[in-house]
Amino acid sequence: MMATSTHAAAEGTPTDLVVVPRAVLEADPHAVLARYRATVPCIRTDDGVVMLLRASDVQALVTDPRTRQVETEFARMRGITSGPLFEFFRQTVLLSNGEVHRRRRAPIARTFAFQVVAALRPRIRDLAEALVAEHGPRGRMNLLADYAAALPARAIALILGLPERDVPDFTRWVYAMSRALTSAWGPEDLPESDEAARRLIGYVEDLVAERRRAPRDDLISALLPSIDEGDPESAAEMRMQIVSLILAGSDTTRAALAIQTGLLLAHRAQWEAVCRDEALIPGAVAEALRFEPAVGSFPRFTLAEIPLEGAVLPAGALLSISTLSAMRDPALYADPDVFDIRRTDHPRWHVVFGGGVHRCLGEALARIELEEGLRALTRRLPDLRLDRPLTVRGSAAIRRVDELPVSWPTTA
Ligand code: HEM
């Protein structure tokens, strides 16, 4: 099942890492990670990726100058070497380093400032309420597609000021393109992702041109001064940051909203507690993000050997920083395998949103969507039931949630 090729270096630190077949890990990620975390700080999966397991290392290495973000290597590994998808990987803030990263991040960080996003809460609440009202009389829905996918897409459409009629196409392109960001989807999905990338990038280009003609009070208009139309490469790069925001906030929040609903419904007493007391909502959101995160890891490269307690990370390794593992580490959380929305030991900076210069830019928006998404369900559909248990697949990057049929009694 596993090969333990560990040997001791001269100083007594193991330099060869424990190798775990990817299939073994994916079959039961939490159990496998817990087993290794107790004895070694990292493992190597049989596809060559080195996975960092312990909370203390995860928190330290995210700001360690001996690591850097991966750039187009991830795309190339997936066989994406040209076309609109490749342009996305080449130009996105998410996969860049140093000055290039600062140049890409600063304008969107300014326009996506906390206060601006916080002011959106009432409108996101209305979106969630409207979705529940739309489905309420039917007595059933596929929570993943009908609710969890719809809310982030409508929220970003609101932020960008998209006309209502564009939302269905826009939503389809977003979710088709976002499959390219995660290895939970296979190469057979890439042609559709590429076509969706072409459409979405073109759509954003048109929006920017439209706002240039008639600016409004929205995110794209606020970004116009950062888009230098006199320099086509730089203008294309800035527009790609709008695409990055759209993508980074879709699949992640969709999965998180479905997961938190599934977890709470599976822990019925905690669901009922939230139905009785809205003050429990932020804790429920934080705990669901910890217990079964939508994003299981993020990647880095090691630029040098990095000694850890009990092993040495090799230089030039593709690292998977496992937030999934860190958030079940008993060194950080008491009783980490217990789902408890009242826990008080969440660190000030939630591990699921990463750290350092790449820390999630959309955390405030994600939390508002998740909190308002939960509030509308618990207020309007307290008798909601799962018709099938929640399944979350994958241990790394954005995880994949299967359809989640739910139902509730109707008066009709
Ligand atoms: C539950 C939902 C979310 C989770 C778990 C999540 C998680 C993360 C993580 C772990 C990173 C860091 C990746 C790395 O260091 O390699 C990240 C980056 C990012 N996130 Fe999120 N995210 C979520 C929602 C959002 C939303 C709603 C938006 C915006 C609409 C967003 C925009 C971004 C952007 C633009 C980055 C890149 C930042 C940079 O590289 O400088 N995210 N996110």
(request) Add +1 for every Lys or Arg and -1 for every Asp or Glu among the other residues with Cβ under 9 Å from the Cβ of residue 402, and state the total. (result) +2
(request) Apply the Debye scattering formula to segment 234-373, with a single equal point scatterer on each alpha-carbon and no solvent, then give log10 I(q)/I(0) at q = 0.09, 0.13, 0.15, 0.16 Å⁻¹. (result) -0.34, -0.66, -0.84, -0.92
(message) I need the trypsin sites (Lys or Arg not before Pro) found in segment 207-239, filtered to DSSP loop residues with at most 16 other beta carbons within 10 Å of theirs.
(response) 216
(request) Would you mind getting the accessible area per residue of segment 153-221, heavy atoms of the protein chains only, 1.4 Å probe, in Å²? (result) 48
(request) Quick one: which residues, 5 or more positions from residue 67 or on another chain, have an amide H under 5 Å from its amide H? H modelled 1.01 Å from N in the peptide plane, none for Pro or chain starts. (result) 303
(message) Just to confirm the filter: which trypsin sites (Lys or Arg not before Pro) across segment 34-71 are DSSP coil and have at most 14 other Cβ within 10 angstrom of their Cβ?
(response) 66
(request) Give me the percent of Cα-Cα pairs in segment 74-205 that sit more than 22 Å apart, rounded to a whole number. (result) 50
(request) Give me Rg over Rh for the chain, both radii from the alpha carbons and Rh done the Kirkwood way, two decimal places. (result) 0.97
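The values are calculated or read from the model by the stated rules, or taken from the named source; none is laboratory data. All values derive from a computational prediction rather than experimental measurement. Every residue, glycine among them, receives a Cβ derived from its backbone with ideal geometry; neighbour counts consider all protein chains shown. When the accessible area is computed, the model is the full protein with side chains, heavy atoms only, and any ligands, DNA or RNA have been set aside. Shrake-Rupley method; radii C 1.70, N 1.55, O 1.52, S 1.80 Å.
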